[in-house]
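Derivation of every value follows stated rules applied to the coordinates shown; laboratory data play no part. Every value quoted in this text rests on a predicted model; they were computed, and no experiment measured them. Heads up, the Cβs are rebuilt from the backbone with ideal geometry, glycines too, and the neighbour counts pull from every protein chain shown.
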């Protein structure tokens, strides 16, 4: 079992829709969870992090964490074509990354 | 401060040669990480430092790979006797020691290695 698992996609959504990206992890002791966005040919950049169970909102982005189910998700509201990228889930302690989900937002 | 700097940005080498990459982290960050990324995959953890101490090294990492951070500032990653399978983007990242930004990685632009 991989330490951090994501569906590789691509996930295709129309402009204005909600994109839902999911991630599961194997280490029950994990404390911190991160979502990074990576455009093609670029380095990952942080979108947001979450430490506590529940939801955390930042603009159009909402991270959701359920430690009992070992599940973390990222919702992107009002998706824009500029959101088209690969979204990487990362988990402490060595910040293990998933393979990423490629999101395509079409006009 | 201009962020995390990596050098060189691109390196083409022949199989069997040694290569070295350098990373200059954000000055106030005491943690420094090295990752490797291939096409279609997420970054794969290689090693990380807290100040000058190398705290962890991936079990997947061959003995041909070595990293140093001698004064707790910049770091180097050396690959000896390169193989074609070493072709990848080598990413360096740094993070601050604590507070709300703890473990938040800031990545450099990466060093792309091509082994012929």
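Data for the structure
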{"read-out": "Check on residue A:94, part of a strand (DSSP E or B) and within 13 Å of chain B (Cβ to nearest Cβ)", "value": "no"}
{"read-out": "Test: residue A:62 is touching a residue at least 60 places away in the same chain (Cβ under 8 Å) and under 21 Å from residue A:14 (Cα atoms)", "value": "no"}
{"read-out": "Selection status of residue A:38, closer than 24 Å to residue B:38 by Cβ, away from every other protein chain (no Cβ under 14 Å) and surrounded by 14 or more Cβ atoms within 10 Å (Cβ to Cβ)", "value": "no"}
{"read-out": "Where residue A:43 falls short, out of the listed (1) touching a strand residue (DSSP E or B) at 6+ places or on another chain (Cβ under 6 Å); (2) within 26 Å of residue B:44 (Cβ to Cβ); (3) in contact (Cβ under 8 Å) with a residue 60 or more places away in the chain", "value": "(3)"}
{"read-out": "Filtered residue count, the stretch A:42-64, keeping only those that are within 10 Å of another protein chain (Cβ to nearest Cβ) and either in contact with a helix residue (DSSP H, G or I) (Cβ under 8 Å, 6 or more places away or on another chain) or closer than 14 Å to residue A:32 by Cβ (or both)", "value": "4"}
{"read-out": "Wholly enclosed strands (runs of 3 or more DSSP E) of the stretch B:2-110 bearing at least 1 residues away from chain A (no Cβ under 14 Å) and in contact with a strand residue (DSSP E or B) (Cβ under 6 Å, 6 or more places away or on another chain)", "value": "B:5-7, B:10-13, B:19-24, B:65-68, B:75-79"}
{"read-out": "Residues (surrounded by fewer than 17 Cβ atoms within 10 Å (Cβ to Cβ) and more than 13 Å from the chain's Cα centre (by Cα)) located in the stretch A:19-31", "value": "A:26, A:27, A:28, A:29, A:31"}
{"read-out": "Subset tally (residues that are touching a residue at least 60 places away in the same chain (Cβ under 8 Å) and either under 19 Å from residue B:34 (Cα atoms) or more than 12 Å from every other protein chain (Cβ to nearest Cβ) (or both)) for the stretch A:1-21", "value": "13"}
